[in-house]
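One structure is given here, and the rest of the page talks about it.
The values are calculated or read from the model by the stated rules, or taken from the named source; none is laboratory data. Given the structure is predicted, the values throughout are model-derived calculations rather than measurements. Positions of Cβ are generated from backbone atoms using ideal geometry, with glycine treated the same way; all protein chains shown enter the neighbour counts.
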């Protein structure tokens, strides 16, 4: 069964009398354990699409089903709960909390969303930090580690709640070539180990060449033939 199904999906914004059709009636499916990318120029709708899949911005038309849940049926509270239990996020600028240690940043979603008991939280955090090679940096603060290390922490944080789906918005944009390659390899390894689906919004050819499924957007529409397997 597909993890994500979009049917005639639309997103329209209104700014006064101006109507902006950000997503124009698109259809696509994404399978479990995919490594997929939405690509296209700025303003093509990549980030809008990622925000809708992540339950941050509701569709204005069509159907969007994520992990068997029709996103359009969720109110704000239910959307937040679903997001916290199902979806992890990785951001271009890492979005780590500066006053929390590496371990505390990874632990944060377990406190905010799932409220795990302390012993279980500690064990899970240790597992994820080990998986991303950051165990020896657990007590450091974000200001004390490199950009590549910050992104490793962000990957661990995204996966700590056993997310079925991780959405990554330009995750390599602030990384040098060597570090970006390491992060992409790490995410593929995590996909293989945990069966997590990774979906990217990206301009980065390094990400695109590693994506197994590529959806090309232009002016809110999917280009014909988009979404094939490019592995």
Checklist line | Qualifying positions in the range 143-170 - within 13 Å of residue 93 (Cα to Cα), assigned to a loop (DSSP other than H, G, I, E, B) and under 11 Å from the mean Cα position of the chain (by Cα) | finding: 170
Next item on the list: Answer yes or no as to whether residue 22 is in contact with a strand residue (DSSP E or B) (Cβ under 6 Å, 6 or more places away or on another chain) and within 16 Å of residue 214 (Cβ to Cβ).
Entry: no
Notebook entry, point to check: Quick one: residue 25 ticks every box in (1) farther than 26 Å from residue 195 by Cα; (2) surrounded by 14 or more Cβ atoms within 10 Å (Cβ to Cβ); (3) touching a helix residue (DSSP H, G or I) at 6+ places or on another chain (Cβ under 9 Å) bar one, so which box is it?
Noted result: (3)
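Does the range 193-210 hold any residues that are over 13 Å from the mean Cα position of the chain (by Cα), touching a residue at least 40 places away in the same chain (Cβ under 8 Å) and either within 26 Å of residue 123 (Cβ to Cβ) or surrounded by fewer than 23 Cβ atoms within 10 Å (Cβ to Cβ) (or both), and which are they? Full working, then the answer.
Within the range 193-210, the first condition is being over 13 Å from the mean Cα position of the chain (by Cα), and the residues that meet it are 193-195, 203-210.
Keeping just the survivors that are touching a residue at least 40 places away in the same chain (Cβ under 8 Å) gives 193, 195, 203, 207-208, 210.
Passing the criteria: 193, 195, 203, 208, 210.
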Next item on the list: Kindly indicate which of 136, 189 is assigned to a helix (DSSP H, G or I) and over 19 Å from the mean Cα position of the chain (by Cα).
Entry: 136
Notebook entry, point to check: What is the residue count in the range 174-203 for residues that are under 19 Å from residue 49 (Cα atoms) and modelled with pLDDT under 90?
Noted result: 1
